[in-house]
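Okay, structure first, notes after.
The values are calculated or read from the model by the stated rules, or taken from the named source; none is laboratory data. Quantities reported herein were computed from a predicted structural model and do not represent experimental measurements. Using ideal geometry, Cβ is built from the backbone for each residue, glycine included, and neighbour counts are taken over all protein chains shown.
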Amino acid sequence: MTKSTQKEAVFSAVSTVLEADSIPVEGNIAPHMTRERRAAVNGILFENFRAGSIELDREYTDTELKAYVSGLQSNWLRKDKRLNGGIQYTAKNPGSRAGSGDTQLKNMRLLLQTLTPGTEDYSEVEVAIEARVKEVQASKIKSKPIDFSALPADLRAKFQK
């Protein structure tokens, strides 16, 4: 038995629910997704996850799975071009998760929450956070070898070591 991807499962469930109400699955379908239709889609997805017909990387309790399914539906309603009217998805706050796995950065952000905005201490911690985010981002950049022979002669002479 082949499992369907989460993206395909959401599209299929949304299509099933909309087609049952004689609504074509074309353009931006978000206006058609009422509370009742979203609940129906969530129910279909929940049952298919429990039946093992959709890919899932870990086990969830029923409560966790219901929350996961709701977020999954919202995610693909925004990102799947078949459901959002063919629009390329762009994140509202790109980079907002920068350093989210860094323990030092997490704790600096927690410390910042305990301080009063506008104070010298608050500013000091903000500067430290910005510096740490830059460190974390710099460590993730993969350096690629430069083909100096492909550079113009003046740049090659200046930068080739």
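Couple of notes before you dig in:
- Put simply, of Q88, Q160 the only residue that is more than 30 Å from P31 (Cα to Cα) and not assigned by TED's automatic domain parsing to the domain that holds A13 is Q160.
- When the helices (runs of 4 or more DSSP H) confined to the range 51-161 are screened for residues that are farther than 27 Å from A9 by Cβ, those reaching at least 3 such residues are found at 103-114, 120-140, 153-159.
- Within the range 1-40, if we keep just the residues that are outside any helix (DSSP H, G or I) and of a type in the set (D, E), the residue that is nearest to N75 (Cα to Cα) turns out to be E26.
- Some residue of the range 109-122 being in contact with an Asp or Glu (Cβ under 9 Å, 6 or more places away or on another chain), of a type in the set (G, A, S) and free of Cβ contacts under 8 Å to residues at least 40 places away in the same chain: no
- Qualifying residue in the range 5-18 (condition: closer than 30 Å to E130 by Cα and either in contact with a Gly (Cβ under 9 Å, 6 or more places away or on another chain) or among the polar types (S, T, N, Q) (or both)): no
- Candidate set from the range 1-55 (those that are under 21 Å from the mean Cα position of the chain (by Cα) and surrounded by fewer than 14 Cβ atoms within 10 Å (Cβ to Cβ)); member that is nearest to G85 (Cα to Cα): N28
- Residue within the range 79-96 that is in contact with a Phe, Trp or Tyr (Cβ under 6 Å, 6 or more places away or on another chain) and either of a type in the set (A, V, I, L, M) or under 30 Å from V136 (Cα atoms) (or both) present: yes
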